[in-house]
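Participant: Sending over a structure as structure tokens; questions will come in a sec.
The values are calculated or read from the model by the stated rules, or taken from the named source; none is laboratory data. What you are looking at is a predicted structure, and each value in this text was computed from that prediction instead of being measured. Every residue, glycine among them, receives a Cβ derived from its backbone with ideal geometry; neighbour counts consider all protein chains shown. Ligands, DNA and RNA are stripped out before the accessible areas are found, and what is left, the full protein with its side chains, is counted by its heavy atoms. Shrake-Rupley method; radii C 1.70, N 1.55, O 1.52, S 1.80 Å.
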Amino acid sequence: MNREEKIEHIRKGKFFAWGDAAVFAAAFLLIAVFTLFAFFGFGGAGADSFSVYYRGEKVFTASLGEDAVYEFYIEDGQGYVRALEGEPHEDYNIIEVSGGKVGVHEASCSDHVCVFFGAIRSGEINCLPHRMRIAAERSEGGTDL
């Protein structure tokens with residue numbers, strides 16, 4: 001398209017040619033596909049266990065196969081995990097395992113971001129105020145990211 005034809009298109013109000021629409025459609029399609037992969041993953045197998053880390057050190061590991069409720073708590077500068085029994089400690093996160101997913105059900109931290117992560121089958125949940133991290137893991141090792 002030469003210069004005069006472009007000027008004529010602009011005068012007629014035709015700012016886009018059919019080729020432009022195809023490029024925009026292809027870009028929209030790519031964005032949609034990558035967004036779906038980001039939210040729903042690539043369809044791989046989820047984790048079969050999870051580990052709880054406090055300040056980078058692993059303090060607890062359990063299976064995602066059986067439903068349970070655990071309490072992560074901090075006492076004397078150390079992080080501990082135990083089955084929830086009675087009232088929780090002062091600095092705590094209630095970890096719930098249900099249906100092959102793990103999530104933080106309740107927390108005493110100031111921002112509750114760990115609760116908003118929801119239940120996960122893969123990936124990680126972080127609680128920055130308590131310096132606690134939950135990582136979903138596969139039995140063959142490594143995290144499921």
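Participant: Name the residue that is most open to solvent (accessible area, probe 1.4 Å), counting only residues in the range 57-110 that are closer than 28 Å to SER139 by Cβ and polar (S, T, N, Q).
Facilitator: GLN78
Participant: Just to be sure, is SER108 free of Cβ contacts under 8 Å to residues at least 60 places away in the same chain, within 18 Å of LEU64 (Cα to Cα) and out of contact with any helix residue (DSSP H, G or I) (no Cβ under 8 Å at 6 or more places or on another chain)?
Facilitator: no
Participant: Applying the selection to the range 112-137, what residues are open to solvent by 10 Å² or more (accessible area, probe 1.4 Å), touching a residue at least 24 places away in the same chain (Cβ under 8 Å) and in a strand (DSSP E or B)?
Facilitator: Selection gives ARG133, GLU137.
Participant: Would you check which residues across the range 111-130 are aliphatic (A, V, I, L, M) and in contact with a strand residue (DSSP E or B) (Cβ under 8 Å, 6 or more places away or on another chain) and list them?
Facilitator: Matches in the range 111-130: VAL113, VAL115, ALA119, ILE120, ILE125.
Participant: Of the conditions (1) modelled with pLDDT of 90 or more; (2) over 18 Å from the mean Cα position of the chain (by Cα), SER98 clears all except one; give me its number.
Facilitator: Condition not satisfied by SER98: (2).
Participant: Can I ask one more? (1) of a type outside the set (Phe, Trp, Tyr); (2) under 25 Å from ALA38 (Cβ atoms); (3) in a loop (DSSP other than H, G, I, E, B): which one isn't true of CYS109, the others all being true?
Facilitator: Unmet for CYS109, out of (1) of a type outside the set (Phe, Trp, Tyr); (2) under 25 Å from ALA38 (Cβ atoms); (3) in a loop (DSSP other than H, G, I, E, B): (2).
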